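Engineer: If you scroll down you'll find the structure; I have some questions about it.
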Amino acid sequence: MSAARPSLRVDEAIAAASLLLPGTSPRLDAELLLAHILDCSRTALFTHPENRLDKAQQARYRALIERRRHGEPLAYLVGTREFWSLQLDVSPAVLVPRPETETLVEAAIELLQPGMMVVDAGTGTGAIALALRSEQDAGRVLATDISHAALAIAHGNARRLDLDVTFVCADWLGVFVAQTLDLVVSNPPYIVAADPHLETDGVAHEPRLALVGGGTDGLDAIRKLVVDAHRCLRSGGWFATEHGYDQAETVRNLLRDSRFTEVHSRTDLAGLERVTLGRRT
Ligand code: GLN
């Protein structure tokens, strides 16, 4: 009888997997996937590199490495992503929260005041709404999405984090009455359908609905939002939206065309204009 193949050590498994993975952080991804399989921290992997994976763990690790190798985002494989220090559940029904969206949260927090009616339009995981709620307990935070699957994820996140956000199934701001809101924030889709970025690692597996904005410039969703936000906001209320790194000037003009004032953009950590704001007169 031949001897059974020896089981893989943790450090060997990570080294082998890192060689196979795409993207900018193959080793980190290999570590995070193994920590997920072994239900331990990354640190535990480093303190016990000599630990061995059993047969079932090896098979599960191989399966996840294979999926990551074919471009599935790490966040979908482990089921979570951190945003604004909140651990959020994610699934292929929602866009993976991105660090640049924290720029929008920062801008919105400066505008938050107790008692405000705040709406996050097209909430996905609930990331923006939940981040704002975690910073301001008074007033109401509502969030819309047209996707029931997305709302189920967002609602689950709110419950787990014990944050009071009301989720509504709606097409952007369609359900709200004129002049009732104080702050409207959104990270809508804004990518042009033909943009090769949509086929890149990770992005290719995310919902098109959350990425592609419509129109030749990708800005149809933002156009609709700007008009609708103007209708729903009270006098003095603010609108803030994320957009592509090269769309700030066009979005500022859209806001001015809809009679918003105090229109300006904010840069993300990479120094790119990522967020544009305007105030309803
Ligand atoms: N910033 C994201 C990306 O470049 C897109 C997010 C969005 O469309 N709202 O992949």
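Bear in mind that the values in this text are calculations on the coordinates, not laboratory data. The shown structure was predicted, so the numbers you read here are calculated from the model rather than taken from an experiment. Backbone-built Cβ (ideal geometry, glycine too); neighbour counts: all protein chains shown.
Engineer: Take the Cα of Tyr245, step 7 Å along the line toward its Cβ, and report every residue of the stretch 188-224 whose backbone nitrogen sits under 12 Å from that point.
Structural biologist: none
Engineer: Please check: in the Gaussian network model of the chain (C-alpha springs, under 10 Å), which one of Pro26, Pro188, Pro97 has the largest mean-square fluctuation.
Structural biologist: Pro26
Engineer: Right, another one. With the contact rule set at Cα under 8 Å and sequence spacing of 6 or more, what percent relative contact order holds for the chain?
Structural biologist: Normalised by residue count, the contact order of the chain is 15 percent.
Engineer: Let me ask something else. Over the chain, with a Gaussian network built from C-alpha contacts below 10 Å, which listed residue (Phe46, Phe167, Phe176) shows the highest mean-square fluctuation?
Structural biologist: With Cα springs under 10 Å in the chain, the top fluctuation among Phe46, Phe167, Phe176 is at Phe46.
Engineer: Starting from the Cα-Cα distance between Thr281 and Phe46, subtract it from 0.36 nm times their residue separation and give me the gain in nm to one decimal. Write out the running numbers ahead of the final one.
Structural biologist: Values: separation 235, 0.36 × 235 = 84.60 nm, distance 5.68 nm.
So the extension gain works out to 78.9 nm.
Engineer: Test of understanding: ordering Thr80, Thr103 by Cβ neighbours within 10 Å, fewest first, what list do you get?
Structural biologist: Listing Thr80, Thr103 from fewest to most nearby Cβ atoms yields Thr80, Thr103.
Engineer: Something else about it: Taking the Cα centre of the chain as the origin and placing charges on Cβ (Lys, Arg +1; Asp, Glu -1), which of Ala248, Thr281, Gln179 is farthest toward the positive end of the dipole?
Structural biologist: Gln179
Engineer: So for Ser7, Ser265, fewest C-beta neighbours within 10 Å to most, what's the order?
Structural biologist: Sorted ascending by nearby Cβ count, the order is Ser7, Ser265.
Engineer: For the stretch 132-281, what proportion of DSSP beta bridges, expressed in % and rounded to the nearest 5, is antiparallel? Please report the intermediate quantities before stating the final value.
Structural biologist: Values: 11 of 21 bridges.
Among the beta bridges of the stretch 132-281, antiparallel pairing accounts for roughly 50 percent.
Engineer: Here is a follow-up. If each DSSP helix of 4+ residues adds -39,500 (n - 2.57) and the sum is divided by the residues in the chain, what number results at 222 nm, nearest 500 deg cm²/dmol?
Structural biologist: Computed ellipticity for the chain at 222 nm equals -11000 deg cm²/dmol.
Engineer: Run the numbers for Asp217 and Lys55: contour at 0.36 nm per residue of separation, minus the present Cα-Cα distance, in nm.
Structural biologist: On the way: separation 162, 0.36 × 162 = 58.32 nm, distance 5.06 nm.
Between Asp217 and Lys55, full extension yields an extra 53.3 nm.
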